[in-house]
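So the structure is just underneath, and the comments pick up after that.
The values are calculated or read from the model by the stated rules, or taken from the named source; none is laboratory data. Remember, predicted model here, so these are calculated numbers, not experimental data. Reconstructed Cβ throughout: ideal geometry from the backbone, glycine too, with neighbour counts over all protein chains shown. The area values use the complete protein model at the heavy-atom level, side chains included, leaving out ligands, DNA and RNA. Shrake-Rupley method; radii C 1.70, N 1.55, O 1.52, S 1.80 Å.
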Amino acid sequence: MPPRKTPRLPTRPSGTAPTASQPPAPPLSAASGQRFYTIVLGSLAVLVWISHLIGATMLRRVLWGSHFYGYLPPIVLDLASVALVAVMVWALRPTPADGPAAATPSRAWPPAIRRAGWVALLFATAAFLWGFRIRHGFLGDASAMLQNIPLGERFHPRQPLTAVIHHYVYELTRRWFDAPGRSASDVTFDTVAISSTATGLLFLPLAVALGRALVEPAAESPPTAGRTLAPGGDGPLERRGIAWLATAVLLSQGYAQLFFGYAENYTFFTAALALYLWSGLGFVRGRLPLLAPAAAIVLAIAFNIAGAIILPSLGWLVVLGLARPGRRAASLRDAAIGLGLGLAAAWGLMALGGHYHPVAEFRYMVELALFGAHEHGRITYLFSLDHARDFYCLQLLIGPLGSLLFVPSALRTVVTRGLRDPRANFLMLAAGPALLASWVTGDLHLGFPRDWDLFSPYALLYVSAALHALASEPIRPRRLRSLLGLALATSLFHTASWIAVNGSFDRGFTRFQDLPISRGRTEFVVGYYYFTHGDPVRAKEWFARALRVYPANNAAHYHLGLYDMDEHRFEDAVRHFRVAVRMRPDKTNYRFELVDALVMAGRPAEARPELERLTRAVPGRAVFWACYGIVLRGVGEGVAARAALERAASLAPHDSLVGTLLRRVDEPDAYEWAVREAWDDLATR
């Protein structure tokens, strides 16, 4: 009698496609994972709640990542707290096990209704993003960008492709916002808001696709006591609901502020990162070729050179593809094509930016993050309580469920599953280097509270890795929905207040004045706002505050010197400009204003060496040579003065003022006449 064959058990759940992958991980304990994430998410909810309560009251000038309710009516914090506590009680309550309920059939809406729903959702999203858009440009380096775009800037060394898009969006849409009395910066602010909100619309479907990919069950998963054994609890509708909750968590983090008309360069980069994560997960599942994530990362780096920090995750995808015999040849081909795309993009950026080189620029960014401008006290700051405070506030601001959830999730994944989950490995390799880079970055040029946007796109990596880790646990669907609901409520409690504050100019401006940025930078920016809006009394008051906080604030010295020049206090102006030049010897405008003050104070001999440096630094600027000729005439060097003016005339042959100076250079009163009649015209060019 032939031996009886033992029937084979199915190796994957019904409805999933087989893929070549690593051997499945051993079954996890549903109770262990459920208990772990219940504790972690419950603790994070309490931490976020307490941080906002304290930040809005006693530590308003300290916890800058969670003080937003302090700028809203008190009732708002009360209602939001009640809502969050109610969700916490609901989410953390004991829940009965999911029983073997009858399977619920999957109902699909007709295609026409689905399309209409997407159109309605996109219109509603556009109205929401535009209606609650940020109303001020105090954050990031927005002020410089808003000034430079109208002047024709179309390239930025660190965000090259982004600057190109901003330029053309400005050219196409500026007429929509131009009106009598509106400055060029005001118009530019609105054109940048157009591109920001439009990218937010693009990010919406990307987030939906990414949310589904993150919570999709493993292609091969052994039966466990968790979700896979709940006959009616892990069907298509169940998974779809979990995916929508994960998508909502992705959309409700603090980096979402970028899509609310934010005036900076990181919206396109964030959307490109979402595309990269989705395509990378698609490659791991065998649904997309390696070329898809390779092309996405090239696009992300073209938007922001700092995107090169996630290249290790692409390297992991290449290794994974080469380790699968059935995909080895295709992966080699796609890796070569991806490398070609990267080289072509680098060549295009170099052609667009002149002497620009992407690799050198990335190296500069790394050195700037690690060493700064070699300013005093940088290493001390890295190990200070101020740095710990700034890092915590930054991660809370761009999250709150970014790195604060990613770190414990990654540790649990490594401990319980090792490195057997290729999707988790990909996501952790994308998120880990970015988080490490943000930790080792010292005090930034604008300060962490203003430069928050430099790090905000990477929070998408953190929360994506954390969501996948959570969804990969064999947690019962009912409890998983509760945990995702708590994650969503915690995120909304934080991010809604952040957006509400920035949606009002007055609230945003008041908040900015409370930001704990070192070296008098907060006070200077406030003074500069009044300086550009015709309020000299308050401008000088805030510039003086900046110097009381930090006597070496070069920008405050410079602007106070400008006021002294207007009020003919030339000696005071010389004192301010000297400090500014000493702190920033690379700024030609500082040095030229010092020359102006010295000449007006009757000290041409002291102005001479400053003009010599200017003519060496910028030899093609005619006004520097013309002023140099006047100063040389003032110290009695007529021959050298004529040579300098001849050089100015050769650089500006049609400048009648330079021609007049050259004709009169040998007259006895040439210097006195030039200072009286020509100097002011030259100095204000």
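In the chain, the portion of solvent-accessible area held by carbon and sulfur atoms comes to 65 percent [1.4 Å probe, whole percent, DNA, RNA and ligands not counted]. Taking θ as phi - 60° and the Karplus parameters 6.51, -1.76 and 1.60, the scalar couplings of the stretch 492-500 work out to 5, 4, 7, 5, 4, 5, 4, 6, 5 Hz in sequence order, x denoting glycine and proline. Around the amide H of Leu288, modelled in the peptide plane, lie the amide H atoms of Phe283, all under 5 Å away and 5 or more residues distant in sequence or on another chain.
Using only the Cα atoms, what convex hull volume per residue in Å³ does the stretch 296-337 have? It would help to have the intermediate numbers written out before the result.
Values: hull volume 2.3 nm³, N = 42.
Here the figure is 55 Å³ per residue.
Place +1 on the Cβ of every Lys and Arg and -1 on the Cβ of every Asp and Glu in the stretch 567-685, take the dipole about the Cα centre, and give the residue among Ala644, Pro609, Leu661 whose Cα lies farthest towards its positive end. Value computed over the given set: Pro609.
What the phi angles of the stretch 380-393 give under the Karplus curve with 6.51, -1.76 and 1.60, with θ = phi - 60°, is a coupling list of 4, 4, 4, 10, 9, 5, 4, 5, 4, 4, 5, 5, 4, 5 Hz, glycine and proline written as x.
Provide the solvent-accessible area of Asp596, counting protein heavy atoms only and rolling a 1.4 Å probe, rounded to the nearest 10 Å². Only protein atoms counted, so the area is about 20 Å².
Rolling a 1.4 Å probe over the protein heavy atoms leaves Phe36 with an accessible area of roughly 60 Å².
Put simply, the amide H of Asp514, placed in the peptide plane, has no neighbours under 5 Å, leaving out anything fewer than 5 places away on its chain. Accessible surface ranking for Thr191, Thr380, 1.4 angstrom probe, highest first: Thr380, Thr191.
Quick one: ranking Tyr550, Tyr458 by accessible area, 1.4 Å probe, largest first, what do you get?
Values: Tyr550 75, Tyr458 15 Å².
From most accessible down to least: Tyr550, Tyr458.
Against the main long axis of the alpha-carbon atoms of the chain, helix 459-472 sits at an angle near 10°. If you take the square roots of the eigenvalues of the alpha-carbon gyration tensor of the stretch 292-415 and sort them as a ≥ b ≥ c, do you get rounded (a/c under 1.5), prolate (a/b over b/c) or oblate? Oblate, because a/c is 1.5 or more while a/b does not exceed b/c. When His533, His576 are compared by accessible area of protein heavy atoms, the largest-first order is His533, His576, using a 1.4 Å probe.
Taking θ as phi - 60° and the Karplus parameters 6.51, -1.76 and 1.60, the scalar couplings of the stretch 595-611 work out to 4, 4, 5, 5, 5, 5, 8, x, 10, x, 4, 6, 6, 4, x, 5, 5 Hz in sequence order, x denoting glycine and proline.
Each label point was placed 7 Å from the Cα along the Cα-to-Cβ direction; for Arg420 and Phe155 their separation is 5.2 nm. The Cα-based radius of gyration and maximum Cα-Cα distance (Dmax) for the stretch 337-493 are 18.9, 58 Å.
Quick check for me: using +1 on Lys/Arg Cβ and -1 on Asp/Glu Cβ, what's the dipole size of the chain about its Cα centre, in debye to the nearest 20? Before the final figure, lay out each step's value.
Numbers: 67 positive and 50 negative charges, 746 e Å.
With Lys and Arg at +1 and Asp and Glu at -1, about 3580 debye.
Classify the stretch 133-176: rounded, prolate or oblate, from the alpha-carbon gyration tensor (a ≥ b ≥ c, eigenvalue square roots; a/c under 1.5 rounded; otherwise prolate if a/b is larger than b/c)? If you can, show how the numbers build up before the last one.
Values: a/c = 1.74, a/b = 1.09, b/c = 1.60.
Cα axes put the stretch 133-176 in the oblate bin.
Could you work out how much longer the chain between Leu311 and Asp535 gets when fully extended? Use 0.36 nm per residue separation minus the Cα distance between them, nm to one decimal. Intermediate results must be reported in sequence, preceding the final value.
Values: separation 224, 0.36 × 224 = 80.64 nm, distance 4.84 nm.
Contour length minus the Cα-Cα distance gives 75.8 nm.
The modelled label-to-label distance between Asp680 and Val82, using points 7 Å beyond Cα along the C-beta direction, is 6.5 nm. Of Gly181, Leu201, Ala243, which is farthest on the positive side of the dipole of the chain, counting Cα position, with +1 on Lys and Arg Cβ, -1 on Asp and Glu Cβ, and the Cα centre as origin? Comparing the listed Cα positions along the dipole, Ala243 ranks first.
Counting heavy atoms of the protein chains alone, Met145 has an accessible area of about 10 Å² for a 1.4 Å probe. Once the chain from Glu637 to Thr588 is taken as fully extended at 0.36 nm per residue, the excess over their C-alpha distance is 15.2 nm.
For the chain, the Cα-based Rg and Dmax, in that order, read 30.2, 129 Å. Each helix, a run of at least 4 DSSP H residues, gives -39500 (n - 2.57); summed and divided by the residues of the chain, these come to -21500 deg cm²/dmol at 222 nm.
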